[in-house]
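Below: one structure, written as C-alpha cells.
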Amino acid sequence: MSRETPPTLQCPNCNAHLALVQVPAVPTAPGGSASAPSTTHAHHDVHPPVAPPTPPSPPPVAEVLAEYAGRKVNPTTAMRGAARVRASLNRAQSTPQRRAAQQAARRAAANAKSNKAPAPKGAKSA
C-alpha cells in the first residue's frame, strides 16, 4: 500500500480508496476563506443512497371485510360453520388432557412391567 492512499481514507460503501482534493475557494461572503480539503468519490455523487424497503404489512381489516359487506347470510351454512368451529375448539382443548392420560397409562404399564417378580433361574418362560 502506498503512502498516498492510507487505509483510513476509504469509501464506506465500496471500500474504494479516496484521495484528498483541494476544492477551489468560492467567495460566499465578504472576507470568506478558502475551503478545507475534502474527499470525493464520483459514483456516489451520481447515485444517492437508497433507503431500505419497508417490510410488507397486511391490508387494513376494514378493506378486507368491505368485500363481504353486501352479502346475505345463509343461516344453514352459518350454523354448520359455527358447529365446525366449536368441534375444532373442543378437539384443541381436549388434546393436552388426552396426551396426559396416554402418558400416565404408559408410565403405569412400564411400572407394572418393571415391578413384576423375576422368574426363577431354572424355570422356562411361557
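The numbers here are math on the coordinates, done by the rules we state, and not lab data. It should be emphasised that the depicted structure is a prediction, and the values quoted were computed from it without experimental measurement. Don't worry about glycine lacking a Cβ; one is built from the backbone with ideal geometry, like all the others, and counts go over all protein chains shown.
Note on Gln102 and Met79: their simple-model spin labels are 3.5 nm apart, each label 7 Å out from Cα toward Cβ. Rounded to the nearest whole Hz, the Karplus-based 3J(HN,Hα) values (6.51 cos²θ - 1.76 cosθ + 1.60, θ = phi - 60°) of segment 72-77 follow the sequence 8, 9, 8, x, 5, 5, with x at glycine and proline.
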